[in-house]
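The values are calculated or read from the model by the stated rules, or taken from the named source; none is laboratory data. Here the structure is a predicted model, which means the values were calculated and not measured. We place every Cβ from the backbone using ideal geometry, glycine too, and count neighbours over all the protein chains shown. When the accessible area is computed, the model is the full protein with side chains, heavy atoms only, and any ligands, DNA or RNA have been set aside. Shrake-Rupley method; radii C 1.70, N 1.55, O 1.52, S 1.80 Å.
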There are 2 protein chains.
Amino acid sequence: MARVLTPRAEDFPRWYQDLISKAEMADNGPVRGTMVIRPTGYAIWERMVSDLDARIKATGAENAYFPLFIPESYLKREAEHVEGFSPELAVVTHGGGKKLEEPVVVRPTSETVIGEFMAKWTQSYRDLPLLLNQWANVVRWEMRPRVFLRTSEFLWQEGHTAHADEQDARDYARRILHEVYEDFMVNVLAIPVTVGRKTNRERFAGATSTYTLEAQTGDGKALQMGTSHELGQNFAKAFDISFSAKEGGQQFAWTTSWGVSTRMVGGLIMVHGDDNGLRVPPKLAPIQAYVMVVKDGDGVAEATDRVLAELRAAGVRVQVNDRTDTPFGRRAVDAELKGYPIRIEIGPRDIAEGNVTIARRTDGSKTPVSVDGVTKAVLDALEADQKALYDQAVVARAAKTTDAATLDEAIEVAGSGFARIAWDKVGVDGEAKANQSAVSVRCLVREDGGVPLSQDEPGLIAYLARSY
Amino acid sequence: MARVLTPRAEDFPRWYQDLISKAEMADNGPVRGTMVIRPTGYAIWERMVSDLDARIKATGAENAYFPLFIPESYLKREAEHVEGFSPELAVVTHGGGKKLEEPVVVRPTSETVIGEFMAKWTQSYRDLPLLLNQWANVVRWEMRPRVFLRTSEFLWQEGHTAHADEQDARDYARRILHEVYEDFMVNVLAIPVTVGRKTNRERFAGATSTYTLEAQTGDGKALQMGTSHELGQNFAKAFDISFSAKEGGQQFAWTTSWGVSTRMVGGLIMVHGDDNGLRVPPKLAPIQAYVMVVKDGDGVAEATDRVLAELRAAGVRVQVNDRTDTPFGRRAVDAELKGYPIRIEIGPRDIAEGNVTIARRTDGSKTPVSVDGVTKAVLDALEADQKALYDQAVVARAAKTTDAATLDEAIEVAGSGFARIAWDKVGVDGEAKANQSAVSVRCLVREDGGVPLSQDEPGLIAYLARSY
């Protein structure tokens, strides 16, 4: 078979671009750094949204929608925040045919505008916690764009909450981190993530704690898949989010924010893709079983209808491809590229023996299965392949994670994988030095895997890597 | 009871603003003309999205996402289109701390950028029809903003399709009009809509046919709830959307576009709201049954749990309010404002007799019902009230629709309702004259209610009204 993609081992970034283009996931938009998400890619994003949305609502948060345009002055109220975002802002200077009196920025994130309204809605301790989430587009001007991973406009959810005390805010930020994000990434995306705390140098502009989930891509780099922040009282003070406390007196609230974005689609590709295309984990897949008519012939249409009906009845997400006017080989290559977990190939030769062929994307196996046994075989394969993809990613990550004894060794190792090193051998100065070699501290974790409350805790482990 | 809202009859626009604010539907955003959609309002929008999305997908369309930013030059390619939108554009001149070489506009609609990509993806007749939809925010700078109805930024879906011939495009635009939009508005929103054709003067910038669905608000004005356009080959020629035809040769495609927006939330309020607040039709309602603990006491918690469990099992969307630290009256007023179809009030006095009280928002009735009978009573009431709201809206519209014999009479009548008049008594000159009195031709329909193919068909009826 002619090679369809640049092999991963030959040129990973090129392979990634090839896959996105050939699998019809996305295109570059006409304005530099923007992207067009095509139906194949968008269906995956929709599945991510729907699963995460249910999890977020289960924590008690409600969805709302805040404006795209934010007065420039809002960003300036929190000092670190404006410093963090200023270089990335898109600014609207003209509206309705006139120059605006005050330019407005296109939201890079909505902390500030949501802070303004939280202040309005929070009067008493009875109004807390105030748990809000929004699904929206945001804009951060990108100098080195890469589709899905780093685009000037991207889609995301951003949660923003206000709490009566620090502990409640912390518990909530961590509940989102583990119950919503980590559980989703591990059990739905089948991506192992290293969950830890960002160093003070790496944390979000205006946060007191930033928690992160870091995936390892096929070329051994780190990809930040999501973050959850404690903002302390910084935004509450900047926007006057205060309330009359239960015990009397006026207090400032404690706020959090947390988000995941279309970047996860890029992560999915970079973790699970192979030289034939994407492999979508069954629990996520918009199309779990792709039923392909190989060629028309006796009994083919009947078998196809029966297989489709039985799979649908069993709750399997199916799609049929009966375009026999296109060569089967080309259609099969396309299905591999798009990563449908199971292909069910139905043709007259197999049907004459009462069989169809089940092709599994995860391991490339092809097995004849009797028409009677299709549904069970598909359900079993979907379950097994969800697990197989996760296990493979765990093995791959372990193979590219190395314990390092010194900072220099860690920087060296981080050239091609994760370096694991005692944080006290790195420290603030070592971190700056690593940055000069394009290596960053991805996160800090406790020895037992727990997430620390401060970078000053003793005995922490640092993960160093290059990153996307 | 103290009056909560300005009465509708006293000042309808003021009543509308009051309701939106007191029912916590939305707030004005900090940048003029923008809005903050609060959880109560957003939950209604989410239900609209989810119902419509399924209908749109059932027609074969797929979701995708195109960029927020469009090069200014794109809009200029279709002459009428640029003329139609120029006065409303928001323009980004600075990005990433620098002045941009070419300013970009924030999409007012995505015809142009989608046209550009359709051209890329359409090679052969096999690629058609190409049926795309996107859920997105768009920006049209508003001089006279009104929350939900007319905002500088709003949320919508915009469908864009390309077809091999005119008939296929027309059939699809009309399928969206009737099967997706009309059916949804009538059967879910419980809003009667007048479905017809826009005059050439009123049609979308760049379209050859614009079909519209017009609701009548409580004050007798027209509200355009959605539109579906045939764009002929205008955009196909401007963006070179061409394909090799089945019968050989290169041809231009025929395109359509169609959309509905957060404006529907405003329509819902203006059609179904009353002096106590919103009334949400049961099929749409995010919360269909609102279970209120009046006061704690013997058996109350048990009955509440049982009622909740049984309603959930029956598929009713429920929410409980057991905040007995807030006066019951205030909570009940809030529930009326937000328009939950059914309130189930559970207190010790009723429970002593084995009863709860079912309060129906549609007619204001309050009925004691035995705990055993709650689920059936709720299901019956939800069904009846869905119908009742629609029937009331039909009656209200009929009361404010008048046949007119002359243009002057029609303009007079349109001051407070719909005027129905033979289109040949209005004509192009009469339409211009009506516009001078702030009255417009909302749509043209055939005598049998059908939607005409041209404004030149004989025997058409015109609906004239003031509009939001």
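Please specify each residue of the stretch B:120-145 satisfying the condition of being assigned to a loop (DSSP other than H, G, I, E, B), closer than 13 Å to residue B:241 by Cβ and not polar (S, T, N, Q). Result: B:128, B:129.
Restricting attention to the stretch A:237-263, which residues are hydrophobic (A, V, I, L, M, F, W, C) and either outside the structural domain of residue A:128 (by TED's automatic domain parsing) or part of a strand (DSSP E or B) (or both)? Can you show your working first?
Filtering the stretch A:237-263 for residues hydrophobic (A, V, I, L, M, F, W, C) gives A:238-239, A:241, A:243, A:245, A:252-254, A:258, A:260.
A:243, A:252, A:254, A:258, A:260 - these are the residues of the stretch A:237-263 that are hydrophobic (A, V, I, L, M, F, W, C) and either outside the structural domain of residue A:128 (by TED's automatic domain parsing) or part of a strand (DSSP E or B) (or both).
Assessment of the stretch A:217-234 against the conditions (of a type in the set (D, E, K, R) and surrounded by 24 or more Cβ atoms within 10 Å (Cβ to Cβ)) yields at least one matching residue.
Going by the structure shown, is residue B:143 within 12 Å of chain A (Cβ to nearest Cβ) and either over 30 Å from residue B:435 (Cα atoms) or out of contact with any Gly (no Cβ under 9 Å at 6 or more places or on another chain) (or both)? Explain how you work it out, then say what you get.
Values: within 12 Å of chain A (Cβ to nearest Cβ): yes; either over 30 Å from residue B:435 (Cα atoms) or out of contact with any Gly (no Cβ under 9 Å at 6 or more places or on another chain) (or both): no.
In short, no.
Selection within the stretch B:97-114: residues that are surrounded by fewer than 23 Cβ atoms within 10 Å (Cβ to Cβ) and closer than 30 Å to residue B:259 by Cα. The member of this set that is farthest from the other protein chains (Cβ to nearest Cβ) is B:108. Take the conditions (1) farther than 18 Å from residue B:87 by Cα; (2) open to solvent by 30 Å² or more (accessible area, probe 1.4 Å); (3) not basic (Lys, Arg); residue B:141 misses just one of them, which is (1).
Residue A:182 meets all of the listed conditions (1) assigned to a helix (DSSP H, G or I); (2) in contact (Cβ under 8 Å) with a residue 24 or more places away in the chain; (3) more than 14 Å from the chain's Cα centre (by Cα) but one, namely (3). Looking across the stretch B:120-133, just one residue is crowded, with 22+ Cβ neighbours inside 10 Å and under 20 Å from residue A:31 (Cβ atoms), and that is B:132. On the given criteria, is residue B:385 among the charged types (D, E, K, R), in contact (Cβ under 8 Å) with a residue 40 or more places away in the chain and either buried (at least 19 other Cβ atoms within 10 Å of the Cβ) or part of a loop (DSSP other than H, G, I, E, B) (or both)? It is true that residue B:385 is among the charged types (D, E, K, R), in contact (Cβ under 8 Å) with a residue 40 or more places away in the chain and either buried (at least 19 other Cβ atoms within 10 Å of the Cβ) or part of a loop (DSSP other than H, G, I, E, B) (or both). Against the conditions (1) within 19 Å of residue B:224 (Cα to Cα); (2) open to solvent by less than 10 Å² (accessible area, probe 1.4 Å); (3) in contact with a helix residue (DSSP H, G or I) (Cβ under 9 Å, 6 or more places away or on another chain), residue B:443 satisfies every one except (3). In the stretch B:351-375, the residue that is farthest from the chain's Cα centre (by Cα) out of those that are touching a residue at least 40 places away in the same chain (Cβ under 8 Å) and closer than 18 Å to residue B:310 by Cβ is B:351. Of all positions in the stretch A:373-381, at least one carries a residue that is open to solvent by less than 20 Å² (accessible area, probe 1.4 Å), more than 22 Å from residue A:276 (Cα to Cα) and out of contact with any Pro (no Cβ under 6 Å at 6 or more places or on another chain).
Here residue A:89 meets each of (1) within 14 Å of chain B (Cβ to nearest Cβ); (2) open to solvent by less than 10 Å² (accessible area, probe 1.4 Å); (3) closer than 30 Å to residue B:116 by Cα with one exception, condition (2). The residues of the stretch A:283-307 that are outside any loop (DSSP other than H, G, I, E, B) and buried (at least 18 other Cβ atoms within 10 Å of the Cβ), listed by number, are A:289, A:290, A:291, A:292, A:293, A:300, A:303, A:304, A:307. Here residue A:94 passes the criteria (1) free of Cβ contacts under 8 Å to residues at least 40 places away in the same chain; (2) more than 10 Å from chain B (Cβ to nearest Cβ) except the one numbered (2).
Filter the stretch A:59-74 down to the residues that are free of Cβ contacts under 8 Å to residues at least 60 places away in the same chain and either acidic (Asp, Glu) or in contact with a Pro (Cβ under 8 Å, 6 or more places away or on another chain) (or both), then identify the one that is farthest from the other protein chains (Cβ to nearest Cβ).
Quick first cut of the stretch A:59-74, residues free of Cβ contacts under 8 Å to residues at least 60 places away in the same chain only: A:67, A:69-74.
Retained after the next criterion (residues that are either acidic (Asp, Glu) or in contact with a Pro (Cβ under 8 Å, 6 or more places away or on another chain) (or both)): A:67, A:70-72, A:74.
Values: A:67: 4, A:70: 7, A:71: 5, A:72: 10, A:74: 7 Å.
This residue is A:72.
Annotation: of all residues in the stretch B:35-81 being of a type in the set (D, E, K, R) and touching a strand residue (DSSP E or B) at 6+ places or on another chain (Cβ under 9 Å), the one that is surrounded by the fewest Cβ atoms within 10 Å (Cβ to Cβ) is B:57. Between B:148, B:117, the distinction of being part of a loop (DSSP other than H, G, I, E, B) and either open to solvent by less than 40 Å² (accessible area, probe 1.4 Å) or within 8 Å of chain A (Cβ to nearest Cβ) (or both) belongs to B:148 only.
Of everything in the stretch B:12-30 that is open to solvent by 20 Å² or more (accessible area, probe 1.4 Å) and more than 14 Å from every other protein chain (Cβ to nearest Cβ), the residue that is nearest to residue B:151 (Cα to Cα) is B:17.
Among the residues that make up the stretch B:251-262, is at least one of them of a type outside the set (Asp, Glu), at pLDDT below 95 and open to solvent by 10 Å² or more (accessible area, probe 1.4 Å)? The answer is no, given that none of the residues of the stretch B:251-262 is of a type outside the set (Asp, Glu), at pLDDT below 95 and open to solvent by 10 Å² or more (accessible area, probe 1.4 Å).
Scanning the stretch B:193-202 for residues that are assigned to a loop (DSSP other than H, G, I, E, B) and open to solvent by 10 Å² or more (accessible area, probe 1.4 Å), which turns out farthest from residue B:426 (Cα to Cα)? In this case the residue turns out to be B:193.
Exactly one condition in (1) closer than 22 Å to residue B:141 by Cβ; (2) hydrophobic (A, V, I, L, M, F, W, C); (3) more than 10 Å from chain A (Cβ to nearest Cβ) is not met by residue B:56; state its number. Residue B:56 satisfies every listed condition except (1).
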